Structure formats: C-alpha cells, structure tokens
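The values are calculated or read from the model by the stated rules, or taken from the named source; none is laboratory data. This is a predicted model, so every value here is computed, not measured. Cβ sites come from the backbone with ideal geometry, for glycine too, and all protein chains shown count toward neighbours. Keep in mind that these areas ignore ligands, DNA and RNA; they rest on the heavy atoms of the full protein, side chains included. Shrake-Rupley method; radii C 1.70, N 1.55, O 1.52, S 1.80 Å.
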Amino acid sequence: GWLENVLETPLPCTVDSAAIAGMIDLLRTQGSFALSLRYAVCLTLSNSKVETDPAVPYPTHAEYEEIAKIFESSLQDVLNASNNNSNDDDNGMITLEDISSNSDRRAWLVSIIVERLR
C-alpha cells in the first residue's frame, strides 16, 4: 500500500497499530532534512496524493538523503556567512533560532537552496 511505498518497508502485520506506527515514522522529522523532505513530498505539496500506485514513484530514502545534503550545506553556508559578518548576539554568533525567527534570513536560505536544486 501507500504507506509501505513511502516508507520502503512492508507492514509487519495488518493491524491498525502497525499502520499508526508507520504514520508516526512518516510524521516524525525533527533534526532530519531527509525525513522532512519525505514528509513534504508525501503529505504537504499541492500535488501530494495518497496513492498505492502513483504515476511517478516516490523517491527512495537514499534519494531523500542526497537531496538533504543540499539543504544541510546551504544551511551551513548561511550560518558561516552570517557568523563571519555578525554582531547580532553578545558573542556575535548566529544560531538556527536566529535564522528561523528572521524572515530575511529564511528567505536568503531558501534562495540558496532553490538555486542549488536547479
């Protein structure tokens, strides 16, 4: 089924609790760009559909990991560039919180990622 396709793992049995555990695996993304990408592709894009047999196959975990490297390197580059030119904090260091709470920094990060994904 759909969940088995997106998780690349067969359900161990057909009970509801196995499917619920699989959905938790899909929803739990904190700290992982690859898992966040999988969540976005499967559930949040305007063309995301719960389909057992999609016209285009879902990416594999290895493919999500490869794409995630672009996100990770872009974030690191923004942190490095910001910290080389920053007087924002007492210690002059920009944090992930600083990026997430500042729309200009988020837009900068997004623009870098979009350019690298082209």
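The charge dipole of the chain, taken about its Cα centre with unit charges on the Cβ of Lys, Arg, Asp and Glu (plus for the first two, minus for the last two), comes to roughly 260 debye. Where only DSSP H runs of four or more residues are counted, the chain gives -18000 deg cm²/dmol as its mean residue ellipticity at 222 nm, each run worth -39500 (n - 2.57). Hydrophobic long helices, here whole DSSP H runs in the chain with Kyte-Doolittle means of at least 1.0 and Cα atoms spread over 30 Å or more along the helix axis, are not found.
What do you reckon, how do F71, F33 stack up by accessible area (1.4 Å probe), largest on top? Don't skip to the answer; put the middle values down first.
Working: F71 40, F33 65 Å².
I get F33, F71, largest accessible area first.
Accessible surface for S46 stands near 130 Å², nearest 10, in the context of the full protein assembly shown (1.4 Å probe). Local charge for V6 was computed over the other residues whose Cβ lies under 13 Å away, with Lys and Arg +1 and Asp and Glu -1, and equals -4.
Heavy-atom accessible surface of the chain, averaged per residue, reaches 67 Å², computed with a 1.4 Å probe.
Taking every protein chain into account, the 1.4 Å probe leaves M23 with about 60 Å² of accessible area, to the nearest ten.
Computed from the alpha carbon atoms alone, the convex hull of the chain holds 130 Å³ per residue. The portion of the accessible surface of the stretch 1-92 made up by carbon and sulfur, rounded to a whole percent, is 53 (1.4 Å probe; DNA, RNA and ligands excluded).
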